[in-house]
Amino acid sequence: MSVAVPPYPTPLGMMKGKTVVVTAAAGTGIGFAVAKRAAEEGARLLISDFHERRLGEAADRIADEVGCERPATFVCDVTSEEAVQGLRDASIAALGSVDVLINNAGLGGEVDVVEMSDEQWSRVLDVTLTSLFRMTRAFLPVMYEARQGVMVNNASVLGWRAQKGQAHYAAAKAGVMAFTRCAALEAADHGVRINAVAPSLAMHPFLAKVTTEEALAKLVEKEAYGRPAEVWEVANVMLFLASDLSSYMTGEIVPVSSQRA
């Protein structure tokens with residue numbers, strides 16, 4: 001038996017006056033959800049993604065559904081240092097400053113270790129972990145100069161917990177957690193906070209496409225509520241970490257999960 005999905009949140013203005021950059025924000029996943037929620041909470045946005053058409057559609061949807069200014073957009077391959085620097089420069093040009101960076105880019109897949117190729121391993125690590133390093137390295141100097149700023153990273157409970165076929169993804173997400181903690185200590189000296197969320201299971205159409213119904217059913221069985229999270233439920237926690245309400249938190253990994261102990 002599953003617990004019903006709660007009502008969609010009523011905006012409280014918690015990001016009013018903030019400028020927010022979100023990576024991997026096209027489509028229907030967590031990135032789009034947090035971008036939309038940030039707009040609902042009053043933020044000015046730049047959203048980025050590798051897929052140009054879907055990125056434009058996402059910006060149009062946010063403007064239409066929220067009734068806000070259309071977010072600025074920038075097509076970015078987070079595995080390219082040149083593209084990441086371009087995203088930083090475009091963000092400053094469009095927003096004037098960057099108060100919040102939400103690092104959402106990631107890549108999964110299911111393959112056993114003995115069948116995993118070097119390319120499969122390296123690709124997941126590059127998109128999920130090394131891109132986080134590139135983004136952080138590019139944006140931290142901007143925040144250091146301003147003596148303020150927040151970064152929110154997207155990890156996963158697989159950074160703590162084991163699952164067959166997920167060695168590359170779990171290793172990358174564990175790296176996201178460790179990187180978040182270390183970078184946060186460095187950034188604290190400059191008035192910048194860095195935290196991460198660790199979702200368990202958030203349902204969206206892309207996940208449904210790449211995961212069998214049997215596998216999804218087994219994952220849902222682990223959740224105490226008997227259902228996956230809505231992507232906006234994960235976005236809510238990311239926005240809490242991005243907001244002034246979490247002003248004393250840095251270097252923390254916050255689970256967004258109802259998994260049984």
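Mean residue ellipticity at 222 nm from the helices of the chain, using -39,500 (n - 2.57) per DSSP H segment of n ≥ 4 over the full residue count, to the nearest 500 deg cm²/dmol?
That calculation yields -14000 deg cm²/dmol at 222 nm.
Using +1 at the Cβ of each Lys and Arg and -1 at the Cβ of each Asp and Glu in segment 92-138, identify which of ASN103, ILE92, THR136 lies farthest towards the dipole's positive end.
It is ILE92, whose Cα lies furthest towards the positive end.
Sorted by mean Cβ packing within 10 Å, highest first, what order do the peptides 124-137, 179-192, 22-35 take?
Output ranking for 124-137, 179-192, 22-35: 22-35, 124-137, 179-192.
Charges at C-beta only: +1 for Lys and Arg, -1 for Asp and Glu. How large is the resulting dipole of segment 19-244 about its Cα centre, in Debye rounded to 20?
I would put it at about 380 debye.
Amide H neighbours of GLU252 under 5 Å, counting only residues 5+ apart in sequence or on other chains, H built in-plane at 1.01 Å?
For GLU252, whose amide H was placed from the backbone, the distant partners under 5 Å are ALA196.
Quick one: what are the phi-derived ³J(HN,Hα) couplings along segment 19-26, Karplus 6.51/-1.76/1.60 with θ = phi - 60°, whole Hz, x for glycine and proline?
Each residue's phi maps through the Karplus curve to give 9, 10, 10, 10, 8, 6, 9, 8 Hz.
Long-range amide H contacts for VAL5: which residues qualify at under 5 Å (H placed 1.01 Å from N, peptide plane, sequence gap of 5 or more or a different chain)?
Placed amide hydrogens put nothing under 5 Å from VAL5.
Given H placed on each backbone N at 1.01 Å, which residues far from GLY149 in sequence or on other chains put an amide H within less than 5 Å of it?
Residues meeting the amide H criterion: ARG193.
Could you name the lysines in cross-link range of LYS173, using Cα to Cα under 23 Å and dropping any fewer than eight places away on the same chain?
Result set, ordered by chain and number: LYS164, LYS209, LYS218, LYS222.
Within the chain, which complete DSSP H helices have Cα atoms spanning at least 30 Å along the helix axis and a mean Kyte-Doolittle hydropathy of -1.0 or higher?
Within the chain the helices that satisfy the rule are 167-188.
Under 20 Å Cα-Cα from LYS16, which lysines qualify once same-chain neighbours fewer than 8 residues away are excluded?
LYS36
Values quoted throughout were computed directly from the atomic coordinates according to the rules given, and no laboratory measurement underlies them. Bear in mind that the values here come from a model prediction, so they are computed numbers and not experimental data. Virtual Cβ from ideal backbone geometry, glycine too; neighbours counted across all protein chains shown.
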